[in-house]
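The values are calculated or read from the model by the stated rules, or taken from the named source; none is laboratory data. Here the structure is a predicted model, which is why all the values come from computation and not from measurement. Note that we place each Cβ from the backbone using ideal geometry, even for glycine, and neighbour counts take in every protein chain shown. To get the accessible areas, we keep the full protein, side chains included, count just its heavy atoms, and leave off ligands, DNA and RNA. Shrake-Rupley method; radii C 1.70, N 1.55, O 1.52, S 1.80 Å.
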Amino acid sequence: MRKSLRGLVSLAVLIGTVGTAGVATAADTEANSPTAVADSQSTDIKDRILAIPGMSLIEEKPYAGYRYFVLDYVQPIDHKRPWAGTFKQRLSVLHKDTSRPTVFRTSGYGLSTTPSRAEPTRIIDGNQISMEYRFFTPSRPQPADWSKLDIWQAATDQHRIYTALKKIYEENWLSTGGSKGGMTATYYERFYPRDMDGVVAYVAPNDVVNKEDSAYDRFFENVGTKDCRDRLNNMQREALVRREPLQKKYKEWAEAEGATFNTVGSLDKAWEAVVLDFVWGFWQYYGQDVCDQIPDAATASDDTVYETIDAYSGWAAYADQGLDYYTPYYYQAATQLGSPSIKQPHLAGLSRYGYQPASSFVPKSIPMKFQPQAMRDVDNWVRKNANRMLFVYGGNDPWGAEPFHLGKGARDSYVYTAPGANHGANVAGLVDAERENATARILAWAGVPAPAVDAAQPLARFDARLDKTVDEDVTREHGLRP
């Protein structure tokens, strides 16, 4: 745990922490006695975890070299009023050994129940705790009070899980996540800067001023080659030119699938939203190396245009059935996180709605009010207080157009960009000097011995089943989501 205090915690945070994490001090004293510690070390790890008040087992899955548990943990709906109801939040534990450091990972979305390992977990050869973000089903309070879905409440969920498990996993902890998970790791650090020994945030957008998105326009004007940009823009424009025949296909698909469009308002709005995501989706998930696979728009058939848009953007994204799972994300984007809007001048005269705001994708029954101070506060805190934080971005990822920046107050912190990488950018894709430094810093923050830090190499071998390059906690149904 860090020795320095980096930033004062608000009174509300203190109240939430004391009210939700407190347990009987007499029990703590007894549990920490030498006899109790010796007994706990000989107890099976599953029993030790399940001895935590509020923790219950959903299932255990075998994986060579690990124990893997999917669990429920009882959390307050409102950490400022812990007596006012609870909900069960899912998490998983990829257990290696209590003598190893631990990585706390979140996607910022739901929880995959398939064993997997984040890049920092492989680098430090450690344990991994993964958390489902509040309000993603099934970790949703019932009834759902959406006002309790904010970045502080979610950070306090993490703080309580860390506090509970730190008694078992006593070595150093790092937090990590990709995309919205990287944002989540950053917000957790802002509110609880004394919990983690380091932060590795991948491709984390930083939309400080929601209505100022010119950085994204500049990105799309310069990314890749001109030939690739023209090929993508022509295909996108052609889809809008052929609105009538392509919408006919879309309507047939919707009727066959039972898709509805109550949230976004109409089939036409949903259809156009998918088309407008096409270029963004291409650069987010793919890249220059597959640009030659985009058909020539001028000679492509209606079927080819329709299928190409679907492949890179996803026709299901803005139907009610595609939006339902992502309602917590769009709610947060509409109330705190912000969401990008781009001009796309090549579509002039063809787009009816432009880039629709995040609030368009949330059911109208859910009240929303944007809080512009939320991201400004986080951005300001990172610039002035970042300590042992690593931000990794992809050079060809649109979400990196608005990254986090470090100011004069930052210490032992870094912002690196992997050349040519998309939204799956990682430490392994950095240039040599940055990759070696990033790996060494991750190892040092984890508290591993100096020789391993000096070697700057991952401590665990690559495992194709465990080490996924894409965050599987996010169902890639496409749509404009980090």
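Roughly how many whole Å is it from the C-alpha centroid of the range 195-258 to that of the range 439-461? Going from one Cα centre to the other spans 37 Å. Evaluating 6.51 cos²θ - 1.76 cosθ + 1.60 at θ = phi - 60° for every residue in the range 61-75, the Karplus couplings come out as 10, x, 7, 4, x, 9, 10, 10, 10, 9, 9, 10, 10, 6, 10 Hz, glycine and proline recorded as x.
Once C-alpha pairs closer than 8 Å and six or more residues apart are averaged by separation and normalised to the residue number of the chain, the relative contact order reads 17 percent. Taking a point 7 angstrom from the Cα of ARG218 along the C-beta vector, which residues in the range 334-362 have backbone N less than 18 Å away? Only 340-345 pass the distance filter. Straight-distance candidates among the aspartates and glutamates for linking to LYS364, with alpha-carbon spacing under 19 Å and chain neighbours fewer than 8 residues away dropped: ASP145, ASP150, ASP268, ASP320, ASP324. Using R0 = 35 Å, the C-beta based FRET efficiency linking ASN437 and TYR325 works out to 0.40. Considering every Cα-Cα pair within the chain, what fraction, in whole percent, is farther apart than 37 Å? Counting every Cα pair in the chain, those more than 37 Å apart make up 28 percent.
Based on C-alpha pairs under 8 angstrom that are at least 6 apart in sequence, the range 355-482 has a relative contact order of 17 percent.
Check which residues have an amide H placed less than 5 Å from PHE104's amide H, if you skip close sequence neighbours. Sorted by chain and number, the residues that satisfy this are ILE129, LEU174, SER175, THR176.
From a point 7 Å beyond the Cα of LYS166 in the direction of its Cβ, which residues of the range 127-146 have a backbone N at a distance under 15 Å? Flagged as within label range: none.
Between THR98 and ASN380, the contour length at 0.36 nm per residue exceeds the alpha carbon distance by 97.9 nm.
Annotation for GLU257 and LYS408: the two label points, set 7 Å from Cα along the Cα-Cβ direction, are 5.3 nm apart. Overall, the accessible surface of the range 193-241 at a probe of 1.4 angstrom is composed of carbon and sulfur to the extent of 44 percent.
Around the amide H of TYR63, modelled in the peptide plane, lie the amide H atoms of TYR68, all under 5 Å away and 5 or more residues distant in sequence or on another chain. With a cap of 15 neighbouring Cβ atoms within 10 Å, and only residues DSSP puts in a loop, list the trypsin sites (Lys or Arg not before Pro) found in the range 127-180. Those that pass, being in a loop and sparsely packed, are LYS166, LYS167.
When both the range 343-394 and the range 317-341 are represented by their alpha-carbon centers, they are found 11 Å apart. The label point for ASP292 and the one for ASP44, both projected 7 Å from the Cα toward the Cβ, are 5.7 nm apart. What fraction of the DSSP beta bridges in the chain is antiparallel, stated in percent and rounded to the nearest 5? Rounded to the nearest five, the antiparallel share is 50 percent. Residue separation of GLN373 and ASP227 scaled by 0.36 nm, minus their Cα-Cα distance, works out to 48.5 nm of gained length. On a per residue basis, the chain carries 42 Å² of accessible surface, using protein heavy atoms and a 1.4 Å probe. Building the convex hull from the alpha-carbon atoms of the range 286-346 and averaging its projection over directions returns 6.2 nm². Taking chymotrypsin sites (Phe, Trp or Tyr not before Pro) as exposed when their DSSP state is a loop state and no more than 10 other Cβ atoms lie within 10 Å, the longest site-free interval of the chain runs over 84-461. Helical runs assigned H by DSSP (4 residues or longer) give the chain a calculated mean residue ellipticity at 222 nm of -10500 deg cm²/dmol, each run adding -39500 (n - 2.57) before division by the residue total.
Compute the FRET efficiency between GLU244 and SER365 as 1/(1 + (r/R0)^6), taking r as their Cβ-Cβ distance and R0 = 25 Å, and round to the nearest 0.05. Here the calculated transfer efficiency is 0.15.
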